[in-house]
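Read through the structure below, which is laid out as structure tokens, and then see the notes.
The values are calculated or read from the model by the stated rules, or taken from the named source; none is laboratory data. These numbers come from a predicted model, not from an experiment. Note: ideal-geometry Cβ built from the backbone for every residue, glycine included; neighbour counts use all protein chains shown. SASA here: full protein model, heavy atoms, side chains in, ligands and nucleic acids out. Shrake-Rupley method; radii C 1.70, N 1.55, O 1.52, S 1.80 Å.
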Amino acid sequence: MALTKWNGILYGGDYCPEQWDEETLHEDIRIMKEYGINAVTLNVHSWCVYQPEEGAYSFGVMDHIIHLLEENGINIVMATGTAALPNWLLKKYPDIMAQSIRGVRNRPARRGNYCPNNKEFKHRIQEICEVLAKHYKDQKNIVLWHLSNELEGHCYCDCCANEYREWLKERYGSLEALNKAWNTMFWGHVYTDWEQINPPAYDNMVMENVNGAGIDLSAFPTESMEYKRFMTESFKKDFEIEKAAILKYIPDALVTNNFQFREYDYDELAKPLDIVSFDLYPEKNDSPHKAAFFLDMCRGLKKKQSPFLMMEMSPNQASWAMSCPVKRPNEVSSIAVSSLARGAESAMFFQIRRSRAGFEKFHGAMIEHSGRTDTRQGKELKKLGSNLKKMGDSFLGTEVPAEVAIIADWNYKWGIEVTSFPKKGTKYFDEVLYYYKWFHDQNIMTDVVRADSDLSRYKMVVAPMMYMLTEKQADNIKAYVKNGGCFITTYFSGITDYQDNVWLGGYPGLLKDMLGIWVEETDTLYENESNLIQICADGFSQKEYTCGVFCDLLRVEGATVFGKYGKDFYQGQPCITENRYGKGKAIYIATKPDEAFLGALFSKYVQETGVIKVLKTCAGVQAALRKNDTEQYLFLINYSAEQQKVELGGKLRNILSNEEESIAMLIPGDYAVYRL
């Protein structure tokens, strides 16, 4: 999908002019033009400005700001403001405020402090969105509508409990079906009346501080996961209410919401949105592959791999962090360009001007408290703005050509992290990132998909800890392999259905026949323990590798053994297998291997399947590709602490310098973009 409402990459950020006087507003616009800013997000927290009391609307301040921005050629991402409810509304309708899992009703103050199912709240967001859309329907520089804000938290009030029961009735149809799906005979908590079902709470199903390790788990994980799905659906319906209100007056409006990946199913939340947006806040010592993975995930949240928007980054510090290091030279630019390289079509920040007070007064901003632009940060932002202008709309609407897919699912995260998992404290996405890293470091473009996605376009599919699986998903994966695909999965895959009921007959459940193995037992090791993978096949650079954490004890039923355990009572038993299935191959990794083994294994199958690397580079230099039917664009970003030389394999046009180059010389944090 090409984002056609603007010409060029959106560059700017959240702007809160209602916090400032007229003189500052004019100075801000002057600085925006100096930086090359072409877009701002307005009205994220401004509901109280244009509706100071019930029934009274006053758009004079907002109109003035919008017209000044329009006169200066600055586009607007118009927020609905519904994440920050005015105090008069909460005072009159206190039940709008969310209730915590401990049963405490919140008080007015924070943003995002509302029950998504409260009928008065739903009425009010519909009303205010209609009022905004009607008032600004002819405002040409509004290019996008921004629903709510970063979603945070769940509500556990009586209103949510009632809606939850209705949702469950529609989902299951009868208590008999629900009891069967939830296996409520466990611990004898069979439901005989819908009114007996309540949201999770610390006094009914949360097991607090298990083993004194500071980890909270669920006594009834199926129910805890269902409530997360219900909350996702609740917020999705609020998005739909806001979107419908806007479309009533602006039929061609595009809508988005800025995701921060928390406790929702974002594949579902993305459905009402025309464009996915993301807020990216990498920490100082994060490896670049972590941000890259979640950017790839953003691209895959719509049905077809689609461009997305980078709605927030910090141009310097992030005030919520325990320690707030400043961005290193060129770091801001490298984050912005790496986002563009992986499918983003904007470089937006939080925020334009740093607040004088409040929780975010020490959060980085494009205009700092000094108000000066001749700073290290100011110079970098000016250069970035200039380079984004040179890029123009050259690669907007292009795709990221991936031949490898990683299967990931928020349901797997919940299943692993809320249940009494054999390895407490396991973080699902940390496991996925461990397997993703090699592809990132080898400059192999990767999509992040779900198990029911169309896999036919990929030469390789990797599914780490694919904990849950439906019959339809299993059939989809089997069809992919039968038709010649290469599928790699690991320990703790195919264990349960989406109600967290184990598939009986041996792990990995529905995939046993395809993988040619079944798991008899799973050993989980302590932190100071390890085992060995001893190779018994060709194609590996070493004969022995280290492994640990999880060790499946396999029974082979047709698969070829590539590696065996080197220690413990299961020494000599298989731990790495390959099974021919139809025209394809299914590989099982029964233990968590070291990075050297993953490199050897993935290299073997990349070579066999013909997966193409974007470009060979030195360690620390990321190469990424975007393309359409007629053009390709190569992005290079140097994350290392040294200057790096990159051979381009021929003369390419640098769209920033407009010169042809065969070698790229990149200082730390530097980047280049080439047209192929």
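What the table shows:
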{"item": "Sequence of Thr560, Thr184 from largest to smallest accessible area, 1.4 Å probe", "result": "Thr560, Thr184"}
{"item": "Counting all C-alpha pairs of segment 607-676, share separated by more than 14 Å (%)", "result": "58 percent"}
{"item": "Accessible surface of segment 368-427 [probe 1.4 Å, protein heavy atoms]: carbon and sulfur percent", "result": "48 percent"}
{"item": "Compactness relative to 2.2 N^0.38 Å, alpha carbon Rg of segment 336-415", "result": "1.54"}
{"item": "Qualifying aspartates and glutamates (Cα of each under 19 Å from Cα of Lys482; at least 8 residues distant if same chain)", "result": "Glu403, Asp452, Asp454, Glu471, Asp513, Glu557, Glu578, Glu608"}
{"item": "Centroid-to-centroid separation of segment 74-127 and segment 206-250 [C-alpha atoms, Å]", "result": "16 Å"}
{"item": "Distance between modelled label sites at Ser603 and Lys92, nm, 7 Å Cα→Cβ extension", "result": "6.9 nm"}
{"item": "Globularity index of segment 21-170, i.e. its alpha-carbon radius of gyration over 2.2 N^0.38 Å", "result": "1.21"}
{"item": "For Tyr93, solvent-accessible area (1.4 Å; no DNA, RNA or ligand), Å²", "result": "60 Å²"}
{"item": "Relative contact order (percent, whole number), segment 470-609, Cα cutoff 8 Å, 6+ residue spacing", "result": "28 percent"}
{"item": "Rounded to the nearest 10 Å², the accessible area of Ser224 at probe 1.4 Å", "result": "10 Å²"}
{"item": "Nearby lysines by direct alpha-carbon distance to Lys543 (threshold 18 angstrom, same-chain neighbours under 8 apart not counted)", "result": "Lys564, Lys567, Lys592, Lys604"}
{"item": "Kirkwood-based shape ratio for segment 357-506, expressed as Rg/Rh from alpha carbons", "result": "1.15"}
{"item": "Most to least packed among 271-281, 96-106 [average Cβ atoms within 10 Å]", "result": "271-281, 96-106"}
{"item": "Protein accessible area in segment 109-199, 1.4 Å probe - carbon and sulfur %", "result": "46 percent"}
{"item": "Projected area, mean over directions - the chain, Cα convex hull, nm²", "result": "30.6 nm²"}
{"item": "Relative contact order of segment 47-107, pairs being alpha-carbon contacts under 8 Å that are 6 or more residues apart, as %", "result": "30 percent"}
{"item": "Rg followed by Dmax, in Å, when segment 104-204 is reduced to its Cα trace", "result": "19.2, 61"}
{"item": "Probe 1.4 Å, accessible area per residue of the chain, Å²", "result": "41 Å²"}
{"item": "Cα pair distances in segment 204-334, grouped into 5 Å bins until the bin that holds the longest one, percent each", "result": "2, 9, 14, 15, 15, 15, 15, 10, 5, 1, 0, 0"}
{"item": "Ranked order, Cys159, Cys536 - accessible area, probe 1.4 Å, largest first", "result": "Cys536, Cys159"}
{"item": "Extension reserve of the Val210-Glu127 stretch, reckoned as 0.36 nm per residue once the Cα distance is removed", "result": "25.4 nm"}
{"item": "Stokes-Einstein D in µm²/s, Kirkwood radius over Cα pairs - segment 1-82 at 4 °C with 1.567 mPa s viscosity", "result": "95 µm²/s"}
{"item": "³J(HN,Hα), Karplus 6.51/-1.76/1.60, whole Hz, each residue of segment 123-139, x for Gly, Pro", "result": "4, 5, 5, 4, 4, 5, 5, 5, 4, 4, 5, 5, 5, 10, 5, 9, 7"}
{"item": "Those aspartates and glutamates that a straight Cα-Cα span of less than 14 Å connects to Lys427, excepting residues fewer than 8 apart in one chain", "result": "Asp216, Glu263, Asp409, Glu417"}
{"item": "FRET E, pair Arg328, Ala357, Förster distance 25 Å, beta-carbon r, rounded to 0.05", "result": "0.35"}
{"item": "Stokes-Einstein diffusion coefficient of segment 54-102, Kirkwood radius over Cα pairs, 25 °C, 0.890 mPa s, in µm²/s", "result": "177 µm²/s"}
{"item": "Accessible surface ranking that places the most exposed of Val646, Val561 first, with a 1.4 angstrom probe", "result": "Val561, Val646"}
{"item": "Packing-based ranking, highest mean first, of 72-81, 569-578, 335-344 given that Cβ atoms within 10 Å are counted", "result": "335-344, 72-81, 569-578"}
{"item": "Overall dimensions of segment 477-535 as given by Cα atoms, namely Rg and Dmax in Å", "result": "14.0, 42"}
{"item": "Structure-based [θ]222 nm, the chain - -39500 (n - 2.57) summed over DSSP H runs of at least 4, per residue, nearest 500", "result": "-9000 deg cm²/dmol"}
{"item": "Length-normalised contact order for the chain - Cα pairs under 8 Å, 6+ apart - percent", "result": "11 percent"}
{"item": "Phi to ³J(HN,Hα) by Karplus 6.51 cos²θ - 1.76 cosθ + 1.60 over segment 169-176, Hz, x for Gly, Pro", "result": "4, 5, 6, 10, x, 8, 5, 4"}
{"item": "Between segment 356-415 and segment 550-580, the alpha-carbon center distance in angstrom", "result": "45 Å"}
{"item": "Pairs of Cα atoms farther than 12 Å apart, segment 197-253, %", "result": "72 percent"}
{"item": "Rounded to whole Hz, the Karplus (6.51, -1.76, 1.60) HN-Hα couplings of segment 189-198, x for glycine and proline", "result": "10, 5, 8, 10, 8, 4, 5, 6, 8, 10"}
{"item": "Carbon and sulfur %, accessible surface of segment 458-522 computed with the full protein complex present, 1.4 Å", "result": "49 percent"}
{"item": "Segment 172-316 - share of DSSP beta bridges that are antiparallel (%, nearest 5)", "result": "20 percent"}
{"item": "Rounded to 5, the percent of DSSP beta bridges in the chain classed as antiparallel", "result": "55 percent"}
